[in-house]
C-alpha cells in the first residue's frame, strides 16, 4: 500500500465531515458563511491531494536505497563466505599434509625402534660375551680348599696339601669345555683376558689376590658340567691330592646362581686392529 493510499481515508473523512455531521445531528444546519468557507476548503482539496501524491512519491524513494544496501550486504556476505570456504579448503589440505607427514614419521619411528631393539639385543649379546653384564641361571658350584690335615709327615711336601693355581685352571677349563656360559672365582668374573697365576704362595685372578677356600660358580647345563667334574678321566691330579692329602673338592648342582659382571680393565697395550686385503 502506498503512502497516499495509507492517508486517503483521512482526506475523504475531512471532505464529507459536514454531511456526516448533518446526518448525526438533524438540527444541524451549516451556516451560509461557514458553508462558503467549507466550499473554499473543498477547493483546496485538489492542492492537498497533489501535495499528498508528492509526499507519497518522496516516501517511496528510500526503499530503492534500502534495496541497494541489501544488495551490497549480500555481495559482502557472498565474498566473506567464499573467502572462508577457501581458507577452509586450505586448512583441509594442510591437515591432510600433516597427517601424511605424521604417518611417515610414525613409520620411521617404528623402523628406528625395531633397529634400536636389534642393536640392543646385539649389544647385550656382546656384553654377555665380554663378561661385562651380570648373569643369572642354573649351574654348578665348586669348592676347592686346602687340606684339613693338622700335621704334615716329615717325608711329605707341604705343597701337596695345598690348592694350587693349576688346580683352579684345570677346573675352569673343564667347565668351559662342558658348556659353561659364565664363570666366576670368588666373585671375580672370568673373561677372555682373565688370568689365573701364582705369585709366591698367593693366587691371582684378574690381578686380584685370593686365598682359599675358592668358590667357583659356573652358569650352564648343570648335568653336563657335573658329569664332566665327576668323570674319573678328568682332573686326575686334583683327585689324587683329594685322596692322598685331604685337599677339599666339592661340587653341587644349583637351580639358580648369579655371576657378577667383570669390573676389571679392558685396556689393550700392544695390539691394534689392521685391515686385511
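Cβ crowding within 10 Å, taken as a proxy for footprinting-reagent exposure, orders 155, 227, 170 from fewest neighbours to most as 155, 227, 170.
In what order do 216, 143 fall by count of nearby beta-carbon atoms within 10 Å, going from fewest to most?
143, 216
Its relative contact order, with pairs defined as Cα atoms under 8 Å and 6+ residues apart, puts the stretch 135-259 at 48 percent.
What number, in nm² with one decimal, is the all-direction average of the projected area of the convex hull of the alpha-carbon atoms of the stretch 135-259?
Working: hull surface 30.7 nm².
Mean shadow area of the hull around the Cα atoms is 7.7 nm².
In units of the rule-of-thumb radius 2.2 N^0.38 Å, the stretch 183-247 shows an alpha carbon radius of gyration of 1.27.
All of the numbers you see were taken from the coordinates with simple rules; none came from a lab. In this text, all values refer to a predicted model and were calculated from it rather than measured experimentally. With ideal geometry, Cβ positions are generated from the backbone for all residues, glycine too; neighbour counts draw on all protein chains shown.
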